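J.: Attaching a single structure in C-alpha cells format; questions to follow.
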Amino acid sequence: MPKPSVVKPEGSEVIADEVLDGRRRRTFSVQFKRRILEQATACENHGEIAVLLRKHGLYSSHLAQWRAQFSEGGNAALAAKPAGRKPRQDIKDRRIAELERQLAKLTSRLDLSEKLVALQKKAQELFAALASAETTR
C-alpha cells in the first residue's frame, strides 16, 4: 500500500546547527583528574562531592572511573588512551601468543603431574610403613 504524500510547510527544512558540527569528546589531563580526585577525597559533608562535580561539569561516573583507574595503576593509569581499535596482530605476534598459551597449559599440566608423582611416593611410603608395622606385631 503506497504511503500518502506528506506536504511539508514552507520553511520546515532541517538546518544543520553550526554549534553541533564542532562537537568533540572532552578530554581531561592527568593533573586535572588527580586534582579532582584529591578534592573529592577531601569532601567531608553530605553533598560536597555533588557541588564539586557540578562546578566542573562532571558526572559521578567520571569520578568513579578515575578512582578505579587510579587505584589500579596510579597516575599512569589516568593518562588518556589512544582512541580506536587496537591494531591487529601480525602473524608472528599471533603465533607467539598461541605458543605462550600452549606453554602455560603444558606448564600447569607438568606441575599437576609432579604433584601426583609426589603423592604416589607418599602413599607408597605409608603403605610400606603399615606393612612393616603389621609384620612386627
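No value in this document is a laboratory result; all are computed from the given coordinates. Please read all numbers here as calculations on a predicted model, not as lab measurements. FYI the Cβ positions are ideal-geometry reconstructions off the backbone, even for glycines, and counts take in every protein chain you see.
J.: Which FRET efficiency value, to the nearest 0.05, do you get for Arg95 and Leu116 by plugging their Cβ-Cβ distance into 1/(1 + (r/R0)^6) with R0 = 22 Å?
T.: Using R0 = 22 Å, I get an efficiency of 0.10.
J.: Right, another one. Using a simple spin-label model with points 7 Å from Cα along the Cα→Cβ vector, what separation in nm is obtained for Ala64 and Ala104?
T.: 2.9
J.: Which FRET efficiency value, to the nearest 0.05, is calculated for Val51 and Ala83 with the Förster distance at 30 angstrom and r the Cβ-Cβ distance?
T.: The calculated FRET efficiency here is 0.45.
J.: Pick out, in residue order, every one of the GluC sites (Glu not before Pro) in region 36-115 that is DSSP loop and has at most 14 other C-beta atoms within 10 Å; say none if there are none.
T.: Of the GluC sites (Glu not before Pro), the ones in loops of region 36-115 whose Cβ has at most 14 other Cβ atoms within 10 Å are Glu44.
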